[in-house]
1. Looking at B:Pro397, B:Pro401, B:Pro383, B:Pro388, which is the one that is closer than 24 Å to B:Trp183 by Cα, outside the structural domain of B:Asn190 (by TED's automatic domain parsing) and over 19 Å from the mean Cα position of the chain (by Cα)?
2. Condition first: touching a residue at least 24 places away in the same chain (Cβ under 8 Å) and either more than 7 Å from chain A (Cβ to nearest Cβ) or not basic (Lys, Arg) (or both). Now tell me which residues in segment B:38-50 satisfy that.
3. So, in segment A:59-76, of the ones that are in contact (Cβ under 8 Å) with a residue 12 or more places away in the chain and either aliphatic (A, V, I, L, M) or surrounded by fewer than 16 Cβ atoms within 10 Å (Cβ to Cβ) (or both), which residue ends up farthest from the other protein chains (Cβ to nearest Cβ)?
4. Please go through segment A:283-320 and give me each residue that is facing chain B (nearest Cβ under 10 Å) and either among the small types (Gly, Ala, Ser) or without any contact (Cβ under 8 Å) to a residue 40 or more places away in the chain (or both), ordered by number.
5. Picking from B:Asp167, B:Asp109, B:Asp129, which residue would you name as being touching a residue at least 60 places away in the same chain (Cβ under 8 Å) and acidic (Asp, Glu)?
6. Looking at segment A:341-359, is at least one residue within 14 Å of chain B (Cβ to nearest Cβ) and at negative phi?
7. Please work out which one of (1) surrounded by 23 or more Cβ atoms within 10 Å (Cβ to Cβ); (2) within 11 Å of chain A (Cβ to nearest Cβ) is the condition B:Ala81 fails and give its number.
8. Within segment B:101-136, can you find the residues that are assigned to a loop (DSSP other than H, G, I, E, B), within 13 Å of chain A (Cβ to nearest Cβ), buried (at least 19 other Cβ atoms within 10 Å of the Cβ) and not polar (S, T, N, Q)?
Protein chains: 2
Amino acid sequence: MKKYTEMTKEELLAEKAELEAKYREYQARNLSLNMARGKPCVEQLNLSMGMMDVLNADSDLTCDDGTDCRNYGVLDGIKEAQELLADMMEVPSDHIIIYGNSSLNVMFDTVARSMSHGVMGSTPWSKLDKVKFLCPVPGYDRHFRITEYFGIEMINIPMTPEGPDMDMVEKLVSEDESIKGIWCVPKYSNPQGYSYSDLTVRRFARLKPAAKDFRIYWDNAYTIHHLYDNEQDNLVEILAECKRAGNPDLVYKFASTSKISFPGSGIAALASSNNNLEDIKEQLGVQTIGHDKVNQLRHVRFFGDIHGMIEHMRKHADILRPKFEAVLEILERELGGLDIGEWTKPKGGYFISFDSLEGCAKDIVARCKKAGVVMTGAGATYPYGKDPKDSNIRIAPSYPPLSDLIIATELFTLCVKLSSINKLLSK
Amino acid sequence: MKKYTEMTKEELLAEKAELEAKYREYQARNLSLNMARGKPCVEQLNLSMGMMDVLNADSDLTCDDGTDCRNYGVLDGIKEAQELLADMMEVPSDHIIIYGNSSLNVMFDTVARSMSHGVMGSTPWSKLDKVKFLCPVPGYDRHFRITEYFGIEMINIPMTPEGPDMDMVEKLVSEDESIKGIWCVPKYSNPQGYSYSDLTVRRFARLKPAAKDFRIYWDNAYTIHHLYDNEQDNLVEILAECKRAGNPDLVYKFASTSKISFPGSGIAALASSNNNLEDIKEQLGVQTIGHDKVNQLRHVRFFGDIHGMIEHMRKHADILRPKFEAVLEILERELGGLDIGEWTKPKGGYFISFDSLEGCAKDIVARCKKAGVVMTGAGATYPYGKDPKDSNIRIAPSYPPLSDLIIATELFTLCVKLSSINKLLSK
């Protein structure tokens, strides 16, 4: 197929007429499909149904250390759950706090606490004139909403396949004391599926922030969420690397089992240095008596150990892999060589990132919607919902059944073509 | 027995010698008993073990409205859980948000949000020079810790058997714009077990606060936690009463199933006006994608409806009643008529409140501890841990087995006598 960018006006118009006819056919089908969010599909949820059986009315809900999981207490999580999630997060089990069902909530509370009480004795951010966060873009919309909610100014940092632009990060962080944090999804990043290179992680660990209360918000959401057995991204472990670099307190590391067991009914965790954990527990002890230990125990009994969890993730991969491959195959087949878009080919995580011609993303998403396919809103991957180039679209292949996914992706490529032609014709 | 206050010095010294001998006997027994916190006992926890069986690997975890409880979503709780907890809280089911496992966490977050973002558009409290809360005393230590954590000044309001001193509450609230809230445990109050009279609730609903962002923090922790079938305290429902009084937005009402199902693995809820709920959801939608819906469903399937919950609470009562009665019987037998202490006789809740002679509480608790019985720290029932009269002690009969409870209470009365004699001798 000829590149759209090399077509004459007449060729584009002819192509457009053909595409519009196809588009009307899609519209006539009254589709109602959703590729908006990184939700596991029913088959994935079914994988964890055994979790409903591991505890029953005759079970002993006592921990190894004698704690009755049914009663009050244990602020930082039962030992067994600390061990399991520490193994998952590749940190020592005495450097972790087990929370409730949502790592997003932990991140929110972490920023909220810094606003009201500062970080390890620093001035509460709410007392400062200006607080800024660095935001690698495209990124995760819910991160950006937290910082926006607290009035924190967000600065875009371009992402590369190696991670955020570290020259820019190092420069800004070392010069500007009002920069207090950076949002990172270091592995199978949301939405691009990029994993930070070894060098990137090492440079992160060696940052020399002007602000003592600067922290890296390391949301390792997809730490064991591989698509393949033999092609897996590997990440230098940031907590240990920070320690080696003489920066032990630089990072908060977040994770959860939301996309391992059940979203909304999993367990979340935060790993950090002892200094940070002590600081956090001062607040946590006021906020709650403890999180859901029965659910912690349920997870431990279901997975057994990290090996059990890894085996479980292979089953997730078996379900997700064909979906990712189907999307990538259609993108390549329909858009390859047309010069109207680029996309990532992740080996894990939940997303594929698509970049259209500049100024087309909103239009593409709107066209999809009019034909019954809901995509993540264009712009959502940028702070304040503003993609300066209006080109990034997040594709979430996990939720729809494969048959729906194929239709939705084909429609998506059709919409990309139509938008691109209009764009090219308007030049 | 003669009143201690009417004994001669010689009589007191003779009594003291006898009591000290007994105290040494207790010390020799190497006791290790705990009456410190309102924790359910093992038999109570066992009542809910059936909850581990209601969901199994073959269960359909779909709600009536088709929501798959295993996946992301539903910010304010599944409909069935809203209905169950609304019935429990005596509010309409569209005036409620279902949260995670801890109502304390909901209260913390409510204060935290008011600090950072104000209440329904008011100035964030963190931007104000001074924020104050009224604290009926004695009260719940964890309430006071939340307000203390946020640097909110706490003002003691004396409790009466009818509830807080409403003359004082009305006066302060109407005069001082910096007063933003009042902590209330309106039914079977912590620690006295008092329930607010109808008139008290009506006066609460008719408050005319100087501050638009003043709210009543109505922690209805013991709403269905009766000890008796036929002698139950009843409370005017505050939300409806506020509406009738033209003050619909005046109250946040909190509750949880912590002492109904499992502490730490129950579900919590907040009920309020639509205006307040909208205000809250703006933050909640940034903080989380949703709470644990599988656990919500588990509670609904286990209890069925409010009737099932009420029947369940009778079983709790059957376990708790003998414990309360044993404590009261010992207090009466050992201390009745001695004129050295007063105590409450609640019909529900988790505590008995004891008031010693002035200046004796710390000493009594310390003596208990030296003989192996841990009580709630003296002063804990007051803001900043400061009981101005050093006389209030909270007795928590729920956790120890009855046999231990009897020993612990007998020792307690012995310590009360010893402290009182020393106090009287020192005059």
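1. On inspection, the qualifying residue turns out to be B:Pro388.
2. B:Gly38, B:Pro40, B:Cys41, B:Glu43, B:Gln44, B:Leu45, B:Leu47, B:Ser48, B:Gly50
3. A:Asp64
4. A:Gly285, A:Val286, A:Gly290
5. Only one candidate qualifies: B:Asp109.
6. Looking through segment A:341-359, at least one residue is within 14 Å of chain B (Cβ to nearest Cβ) and at negative phi.
7. (2)
8. B:Gly118, B:Val131
The values are calculated or read from the model by the stated rules, or taken from the named source; none is laboratory data. In this text, all values refer to a predicted model and were calculated from it rather than measured experimentally. Note: ideal-geometry Cβ built from the backbone for every residue, glycine included; neighbour counts use all protein chains shown.
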